[in-house]
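Asks: Below you will find the structure I want to go over with you.
The values are calculated or read from the model by the stated rules, or taken from the named source; none is laboratory data. Computed from a prediction, not measured in an experiment: that's the story for all the values here. Here Cβ is always computed from backbone atoms with ideal geometry, including for glycine, and neighbour counts include all displayed protein chains. Keep in mind that these areas ignore ligands, DNA and RNA; they rest on the heavy atoms of the full protein, side chains included. Shrake-Rupley method; radii C 1.70, N 1.55, O 1.52, S 1.80 Å.
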Amino acid sequence: MAAAQGELERISARYLRFAADEARGESELYERLALAVAASRELRTFLAGLPADKRQPNLFLAAVRHLCVVPQGEDHLVELVRQEHHRIRALMFARTTQTNEPARCSVLLPVLAKLPPPLALLEVGASAGLCLIPDRYGYDYGAQRIEPVASAGIAAPVFPCATRGAVPIPARVPEIAWRAGLDLNPIDLRRAEEVAWLETLVWPGQEGRAERLRAAIAIARLDLPNIVRGNLLTDLEALMATAPTEATLVVFHTAALAYVASQANRDRFAATVRAGGAFWISNEAPFLFPSFARAAPPAPAPGRFLLALNGKPLAWTGAHGQSIDWFGSL
């Protein structure tokens, strides 16, 4: 019983952190539901029957919404899990979050635009590859706006991004000559059920974010990025070798390395990127590369990602690309 109680307490702490550090100010409903899970022994017991990497709040709440309806509170959530626990459990085993947030291009763009063109982009953890087409979107940084290029009559999304500090906002998007992605389970944008899962991963109350995701999907479908099924620890080197030598190779990732369990494996991945002579852009939770975080000033708020180029920290960013707090130099 002591071990079981300890598991329940760890799940409670995990959902309390999610409510305070990620959902607060972003999705009022997700904050309330996460607090409800933290307080509900029944819901925590359900989650304790899953592996630790399948207990994450994003995955659980998305699975409930995808199969049922949007729960309106603790009692409703408990009722839904009681009724559909077998289906919810099966979906959580079958899926990962794979949140493909194209607005994260807003925080990548200032770094990409400073690298020698043309660029060859290689994203690890690419999901559907929506972050591989930053040159097809528009950006609104407040004082400066970059309009999207017209694409076959389809309106491209314009991503708002609040800025602080001396962000090197470019005048235009960079030239991209080649692009490829690597993912364990690529999302196929031609399949309606795959697109529906991506849309479910947008949090309740974020209608603007959902609209921009749908617009990015429509743009991507005009010319789908090449996403290769593979493991970043074993298949990256071979994919890097296919990039054109006349372009500047950039390996990047955002909210992907949390799925690489050990620091040793994350360091091994980093060594592969460096050995291949690529520029390396990392936009991840700060604990994933502690040495980067130690070289950065304190984060302005909980839940921020740390943006770094070749291991040098440059900025704190909103987890969904909604903000960038610049402190570094390129």
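Asks: Could you give me the ³J(HN,Hα) list for the stretch 61-67, computed from phi with Karplus coefficients 6.51, -1.76, 1.60 and θ = phi - 60°, whole Hz, x at Gly and Pro?
Replies: 5, 5, 5, 4, 5, 5, 8
Asks: What distance in nm separates the two pseudo spin-label positions at Ala293 and Arg214, each 7 Å out from Cα along the beta-carbon direction?
Replies: My value for the distance between the label points is 3.7 nm.
Asks: Arg17 accessible area, nearest 10 Å², 1.4 Å probe?
Replies: The accessible area comes out at roughly 130 Å².
Asks: While we're on this one: So if I average 1/r over every pair of distinct C-alpha atoms in the stretch 115-174 and take the inverse, what Kirkwood radius in Å does that give?
Replies: 13.2 Å
Asks: For a test of the definition: using alpha carbon positions, the gyration tensor, and the 1.5 limit on a/c, classify the stretch 197-273 as rounded, prolate or oblate.
Replies: Taking the square roots of the gyration eigenvalues as a ≥ b ≥ c, the stretch 197-273 is oblate.
Asks: Here's a follow-up. Using helices alone, what [θ] at 222 nm do you get for the chain, with -39,500 (n - 2.57) per DSSP H run of 4 or more residues, divided over all residues and rounded to the nearest 500?
Replies: Only helices count here, giving -11000 deg cm²/dmol.
Asks: I'd like the orientation of helix 28-39 relative to the chain: the angle between its Cα long axis and the longest Cα principal axis, in ° from 0 to 90, rounded to 10.
Replies: With rounding to tens, the tilt is 50 degrees.
Asks: Here is a follow-up. In percent, what relative contact order does the stretch 5-136 have, based on Cα pairs under 8 Å that are 6 or more apart in sequence?
Replies: After rounding, I find 19 percent.
Asks: In what order, largest first, do Ile281, Ile154 sit by accessible area if the probe radius is 1.4 Å?
Replies: Ranked from most to least accessible, the order is Ile154, Ile281.
Asks: Work out from phi, with θ = phi - 60° and the Karplus expression 6.51 cos²θ - 1.76 cosθ + 1.60, the ³J(HN,Hα) of each residue of the stretch 267-282, listed in order in whole Hz, and give x for Gly and Pro.
Replies: The phi angles translate into 5, 5, 4, 4, 5, 5, 4, 5, 5, x, x, 8, 6, 10, 10, 10 Hz.
Asks: To continue, here is another question. Local charge sum around Asp135 (other residues, Cβ-Cβ under 14 Å, Lys/Arg +1, Asp/Glu -1)?
Replies: Here the count lands on -1.
Asks: Right, next: Amide H of Ile227 versus every other amide H placed in the peptide plane: which residues, excluding those fewer than 5 positions away on the same chain, fall under 5 Å?
Replies: Residues meeting the amide H criterion: Gly181.
Asks: Can you tell me how the stretch 185-330 classifies by the Cα gyration tensor, rounded, prolate or oblate, using a/c under 1.5 as the rounded cut?
Replies: The shape class here is oblate.
Asks: Another one. If contacts are Cα pairs under 8 angstrom and at least 6 residues apart, what is the relative contact order of the stretch 90-183 in percent?
Replies: Result for the stretch 90-183 is 38 percent.
Asks: How much net charge surrounds Leu198 when only other residues with a Cβ under 15 Å from its Cβ are counted (Lys, Arg +1; Asp, Glu -1)?
Replies: Counting the neighbours of Leu198, the net charge comes to +2.
Asks: Using Cα-Cα distances under 8 Å and only pairs 6 or more residues apart, what relative contact order does the chain have, in percent?
Replies: It rounds to 17 percent for the chain.
Asks: Near the amide H of Phe159, under 5 Å away, which other amide H atoms are found, from residues 5 or more places off or on another chain, if H is placed in the peptide plane?
Replies: Gly138, Tyr139, Asp140
Asks: Let me ask something additional. Under a 1.4 Å probe, what is the accessible area of the chain per residue, stated in Å²?
Replies: For the chain, the per-residue accessible area is 43 Å².
Asks: When the solvent-accessible surface of protein heavy atoms is calculated with a 1.4 angstrom probe, in what order do Asp267, Asp75, Asp188 fall, highest first?
Replies: These residues rank, largest area first, as Asp75, Asp267, Asp188.
Asks: How large a share of the accessible area of the chain, in percent, is made up of carbon and sulfur atoms when the probe is 1.4 Å and the other protein chains stay in place?
Replies: 52 percent
Asks: What are the residues whose amide H is under 5 Å from the amide H of Ile176, where those residues sit 5 or more places off or on another chain and H is modelled from the backbone?
Replies: Leu119
Asks: Find how much the distance from Arg82 to Gln144 grows on full extension, using 0.36 nm per residue of separation minus their present alpha carbon separation; answer in nm with one decimal.
Replies: Gain on stretching Arg82 to Gln144: 17.3 nm.
Asks: Can you match mean projected area of the Cα convex hull in nm² to one of these, [x] 14.8; [y] 17.6; [z] 16.7, based on a calculation from the structure here?
Replies: Answer label, from the structure shown: [z].
Asks: How much of Leu16 can a 1.4 Å solvent probe reach, expressed as accessible area in Å² and rounded to 10?
Replies: 80 Å²
Asks: A follow-up question, please. What does the charge count around Ala126 come to, taking other residues whose C-beta lies under 14 Å from its C-beta (Lys +1, Arg +1, Asp -1, Glu -1)?
Replies: Values: positive: Arg104, Arg179, Arg229; negative: Glu101, Glu123, Asp183, Asp188, Glu194, Asp235.
Value of the local net charge: -3.
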